[in-house]
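This report concerns only the one structure given below.
The values are calculated or read from the model by the stated rules, or taken from the named source; none is laboratory data. Nothing here was measured: the structure is a model prediction, and the numbers come from that model. Because the Cβ atoms are built from the backbone with ideal geometry, glycine has one as well, and the counts that use them run over all protein chains shown. Note: areas computed on protein heavy atoms with side chains; ligands, DNA, RNA excluded. Shrake-Rupley method; radii C 1.70, N 1.55, O 1.52, S 1.80 Å.
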Amino acid sequence: MNLKLDSNHKLQPWEVIQKLGSDNSRLFKESVILGEIGCANHIFFHGCKLALDKLITFGVKQVPEATVDGPGLPWSEFVANLATPLQNRKITGHEARDKIIEIMNQATVEQWNDWYRLILIKDLKCGVSEKTINNVAKKAKTPHYIVPTFTCQLAHDSANHEKKMTGKKQIEIKLDGVRVITIVKKDSVEMFSRNGKQFHNFDHICDEIKAVADFDEDMVL
C-alpha cells in the first residue's frame, strides 16, 4: 500500500508532528508549520483542526498505543471509518472501543501513535496549539488552515475600573457558577466550558433543551 502523500508534500503528517516535537523553539515550530503551508499539506492541517478545535469531540477517554505495525491506514479511511462516526456519536461505548482497536491494527505504529491517536485524544503532544497554527496561517494568508476558536465574555470587578463607573448604571449581581456554551446539532446537545472542556454532568439540562429545540438547523446557545 502506498502511504505517501502527493509528491509536493515534504513530510507525512506524523513526521511533521515528530519534527515539531524535536525543538521547543517557537520560531522553529512556526517555520515548520509555514513549510507545510507552502507545500499545501492539507491532510496535516485537517488533522490539526480535528485535534485542536475544542468543539470537536470524539467521546472517548482512553485510546491505546499501537505496539505492532499494521499494513498502513490511509487518511480517508481513518476519517470515514473512525473519526467521523465517533464525532457524530454513531458508535459509542464498547462498540467504539472495539472499532478503535480494529482501526489501530490497520495503521503502522508511527501512523497511530504519532498522528491518529493524538487526534482522538485531542492533544498533538508537540507543543503546538491552535494559537500557533492560526498565527502562522494568518501571516501566510491561508485562512482555510485556521482552526476555529470561540471565546466567552468575562466579568470584571468594577472596583478595578472606578474611573469608568460614572453616571447612571445598571448593576447585575454575578452569581457563582460556570459559563457554558451549548451546541445543538441535529439530534445531539453538547455543553462546553469557555476553554473547550466538555461537560458531562448536565444531562438533565440537555434533555430539556432537546425537548424544545428545533433540530432543522445547528444552533449555538
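Can you work out which of the residues in the range 139-161 that are part of a loop (DSSP other than H, G, I, E, B) and at pLDDT 80 or above is least open to solvent (accessible area, probe 1.4 Å)? Before you say what the answer is, go through the steps one by one.
From the range 139-161, those part of a loop (DSSP other than H, G, I, E, B) are 140-142, 146-157; that's our starting set.
From what is left, the residues that are at pLDDT 80 or above are 140-142, 146-149.
Values: Ala140: 34, Lys141: 172, Thr142: 18, Ile146: 45, Val147: 2, Pro148: 69, Thr149: 96 Å².
That would be Val147.
In the range 89-99, which residue that is farther than 17 Å from Pro74 by Cβ and assigned to a helix (DSSP H, G or I) is least open to solvent (accessible area, probe 1.4 Å)?
Filtering the range 89-99 for residues that are farther than 17 Å from Pro74 by Cβ and assigned to a helix (DSSP H, G or I), the one least open to solvent (accessible area, probe 1.4 Å) comes out as Ala96.
Every residue in the range 167-186 that is touching a residue at least 24 places away in the same chain (Cβ under 8 Å) and either basic (Lys, Arg) or open to solvent by 60 Å² or more (accessible area, probe 1.4 Å) (or both), please.
In the first step, residues of the range 167-186 are kept if they are touching a residue at least 24 places away in the same chain (Cβ under 8 Å); the result is 179, 181-186.
Within the range 167-186, Arg179, Lys185, Lys186 meet the criteria.
Ile103 is checked against (1) assigned to a loop (DSSP other than H, G, I, E, B); (2) under 30 Å from Leu11 (Cα atoms); (3) not polar (S, T, N, Q) and fails just one. What number does that condition carry?
Here Ile103 meets the rest and fails (1).
In the range 41-60, how many residues are at pLDDT 95 or above and aliphatic (A, V, I, L, M)?
Total meeting the criteria: 4.
Might you let me know whether the range 109-122 holds any residue that is on the phi < 0 side of the Ramachandran plot, part of a strand (DSSP E or B) and either open to solvent by less than 30 Å² (accessible area, probe 1.4 Å) or of a type outside the set (Ser, Thr, Tyr) (or both)? Before the answer, list the steps.
Here is the first cut: in the range 109-122, the residues on the phi < 0 side of the Ramachandran plot are 109-121.
Pick out the ones that are also part of a strand (DSSP E or B) and you get none.
No; the residues of the range 109-122 include none that is on the phi < 0 side of the Ramachandran plot, part of a strand (DSSP E or B) and either open to solvent by less than 30 Å² (accessible area, probe 1.4 Å) or of a type outside the set (Ser, Thr, Tyr) (or both).
Within the bounds of the range 127-141, is there any residue that is within 25 Å of Lys197 (Cβ to Cβ), out of contact with any helix residue (DSSP H, G or I) (no Cβ under 8 Å at 6 or more places or on another chain) and of a type in the set (Val, Ile, Thr)?
Residues of the range 127-141 that are within 25 Å of Lys197 (Cβ to Cβ), as a first pass: 127-135, 137.
Going one step further and asking which of them are out of contact with any helix residue (DSSP H, G or I) (no Cβ under 8 Å at 6 or more places or on another chain), we end up with 131, 134.
Next, from what is left, pick out any that are of a type in the set (Val, Ile, Thr): none.
Within the range 127-141, none of the residues are within 25 Å of Lys197 (Cβ to Cβ), out of contact with any helix residue (DSSP H, G or I) (no Cβ under 8 Å at 6 or more places or on another chain) and of a type in the set (Val, Ile, Thr).
Output the residues belonging to the range 41-76 that are surrounded by 15 or more Cβ atoms within 10 Å (Cβ to Cβ) and more than 17 Å from the chain's Cα centre (by Cα).
Residues satisfying the conditions are Asn41, Ala66, Gly70, Leu73, Pro74.
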